[in-house]
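K.L.:
This is the structure I have questions about; it appears just below.
The values are calculated or read from the model by the stated rules, or taken from the named source; none is laboratory data. If you're wondering where the values come from, they're calculated on a predicted model, not measured in any experiment. Quick reminder, even Gly has a Cβ in these numbers, built from the backbone with ideal geometry, and neighbours come from all protein chains shown. In case anyone asks, the SASA skips ligands and DNA or RNA and just uses the protein heavy atoms, side chains included. Shrake-Rupley method; radii C 1.70, N 1.55, O 1.52, S 1.80 Å.
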Amino acid sequence: MSAALEILLIAVVTAVAASLPGTFLVLRRLAMVSDAISHAILPGIVVAFFLTGDLGSPLLVAAAAATGVLTVALIEAVKRSRLVPGDAAIGLVFPALFALGVVLVSRYAGDVHLDTDVVLLGELAFAPFDRFAVGGRDLGPVALWTMGGILLINLAFIAVVFKELKLATVDAGLAAALGLKPSLLHYALMTVVSITAVGAFNSVGSILVVALMIAPPATAYLLAERFVPMLALGALTAALAAAAGCGIAFLLDVSIAGAMATTCGVLFAAAFLLAPRRGLLVQMRRRAAQRLEFGVTMLLVHLLHHEHAAEAREECRRTTLHQHLRWSEGFTRQVARQAELRGLVVPAGELVALTDPGRDRAQ
């Protein structure tokens, strides 16, 4: 297997593994918790490295995952204190832990492979050099096995507690009333998020873990209405972004992880604009149609109110109608034309007059 293909497989597996728990974070409005965890695991990794002296030690994963759960616990503790707003808790906890990790790296690990550039950005291009061998047989990159295992863990976790996690996500109060322990599910989900962030840490860095964990599920959120399609579409979007990002990186000779994150952003922007039910353009058209519909109704009511009044000639004149309705001339002409096309009004010389259907609707 070529190095380029190995990098592509690592990228796709990492992106899909990150998108699965990320879907629940998006639905729970906890997207920034992924940012907090991906940054705050750094001191756990550094401390575990100091203890073991081995970047490949499983203790690094365990320590980083524990630090991620600790981060969530600290955020929840600050929130429960009610001394600061809820969103401020994230902004208080993770910068402190991340800064501690950066200080430790800068001060004590400057001469080893723990440097801030790798911490922040990662480098997928180096992943094929770290091989997993058993009995002298090369079985492929360590990163591929690591992220493949984490992907299986995420799939198994979601499959086992899907119904409970879905209910706790939609209505935590009902889940608690049914005895499902939503707080336990919350910490279990955060543990999975932490493990995923740790696994992706070495490949794409702490910053870009957030893009892979949030952007594909956010894209799926705009396109799907139900949980299962959202999970599947999020995973598909993540895989597509990873594959396209790798292709762009190879073509332009740029950062692979950066190209992947950029592609995630481009796909989200496309969904944000063009999603068939929640896209910005559809929303704009819907609001314009609602505004026009409201305008037609108000025009009919205005004409009904003044059609038999002494000032009817002035109030219902086509050229001065916009002044009495306090609309722009262009919008008034658009509304009058729409009402005429529907057979609700007819021109009567210089006036606008109601038809019987228009009068019935106005009444």
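K.L.:
What is the chain's relative contact order, in percent, from Cα pairs under 8 angstrom and six or more apart in sequence?
P.N.:
Value for the chain: 20 percent.
K.L.:
If you scale each eigenvalue of the Cα gyration tensor by 5 and take the root, what three semi-axes come out for the chain, rounded to whole angstrom and sorted largest first?
P.N.:
Numbers: eigenvalues 654, 109, 72 Å².
One finds semi-axes of 57, 23, 19 Å for the chain.
K.L.:
Place the peptides 136-144, 89-97, 38-46 in order of packing, highest mean first, counting for every residue the other Cβ atoms within 10 Å and averaging per peptide.
P.N.:
38-46, 89-97, 136-144
K.L.:
I would also like to ask the following. Loop-only trypsin sites (Lys or Arg not before Pro) in the stretch 40-101, please: DSSP not H, G, I, E or B, and at most 14 other Cβ atoms within 10 Å.
P.N.:
R82
K.L.:
Please state the relative contact order of the stretch 229-303 as a whole percent: Cα pairs under 8 Å, 6+ residues apart?
P.N.:
It comes to 18 percent, rounded to a whole number.
K.L.:
With axes computed from alpha carbons, what is the tilt in degrees of helix 58-81 against the longest principal axis of the chain, rounded to the nearest 10 within 0 to 90?
P.N.:
Roughly 40 degrees, rounded to the nearest 10.
K.L.:
What does the accessible area per residue of the chain come to in Å², with a 1.4 Å probe and no ligands, DNA or RNA counted? Walk me through the numbers on the way to the answer.
P.N.:
On the way: 18290 Å² over 363 residues.
That works out to 50 Å² for each residue.
K.L.:
Report relative contact order for the stretch 154-238 in percent, whole number only (criteria: Cα-Cα under 8 Å, sequence separation at least 6). Before the final figure, lay out the partial values.
P.N.:
Numbers: 46 pairs, mean separation 14.5, N = 85.
Reported relative contact order: 17 percent.
K.L.:
Give a quick list of trypsin sites (Lys or Arg not before Pro) in the stretch 269-357 that DSSP marks as loop, anything other than H, G, I, E or B, with at most 12 other Cβ atoms within 10 Å.
P.N.:
Here the sparse-neighbourhood loop sites are R277, R326.
K.L.:
Next up: Tell me, what % of the accessible area of the stretch 244-363 is carbon and sulfur with a 1.4 angstrom probe?
P.N.:
59 percent
K.L.:
To two decimal places, what compactness ratio does the stretch 190-250 give when its Cα radius of gyration is scaled by 2.2 N^0.38 Å?
P.N.:
1.18
K.L.:
I need the shape label for the stretch 1-95. Rule: rounded when a/c is under 1.5, else prolate if a/b > b/c, else oblate, with a, b, c from the alpha carbon gyration tensor.
P.N.:
Since a/c reaches 1.5 but b/c is at least a/b, the shape of the stretch 1-95 is classed as oblate.
K.L.:
For the chain, take the longest principal axis of its alpha carbons; what is the angle in degrees between that and the long axis of helix 42-52, to the nearest 10 within 0 to 90?
P.N.:
Result, in degrees: 10.
K.L.:
Right, something else. Given 37 °C and 0.692 mPa s, how large is the Stokes-Einstein diffusion coefficient of the stretch 160-291 in µm²/s, with Rh as the Kirkwood radius over Cα pairs?
P.N.:
Calculated translational D: 197 µm²/s.
K.L.:
For V228, V346, V160, V335, give the ranking by accessible area with the largest first, probe 1.4 Å.
P.N.:
Final ranking, largest accessible area leading: V160, V228, V346, V335.
K.L.:
Each residue of the stretch 347-360 in turn: what ³J(HN,Hα) in whole Hz from Karplus with 6.51, -1.76, 1.60 and θ = phi - 60°, glycine and Pro shown as x?
P.N.:
Going residue by residue, I get x, 10, x, 8, 9, 10, 10, 6, 8, 4, x, x, 5, 4 Hz, with x marking Gly and Pro.
K.L.:
Can you tell me which of 234-245, 60-71 comes out highest on packing, and rank the rest after it, using the mean Cβ neighbours within 10 Å?
P.N.:
Numbers: 234-245: 23.8, 60-71: 21.8.
So the peptides 234-245, 60-71, ranked by packing, come out 234-245, 60-71.
K.L.:
What do you get for Rg/Rh of the stretch 138-201 when both radii come from the Cα atoms and Rh is the Kirkwood radius?
P.N.:
Checking Rg against Rh, the ratio lands at 1.13.
K.L.:
Right, here's the next one. Report, to the nearest 10°, how far helix 31-40 tilts away from the longest principal axis of the Cα atoms in the chain, using its own Cα long axis and a range of 0 to 90°.
P.N.:
20 degrees
K.L.:
Over the stretch 279-363, with a single point scatterer placed on each C-alpha, what log10 of the ratio I(q)/I(0) does the Debye formula yield at q = 0.15, 0.20 1/Å?
P.N.:
-0.51, -0.85
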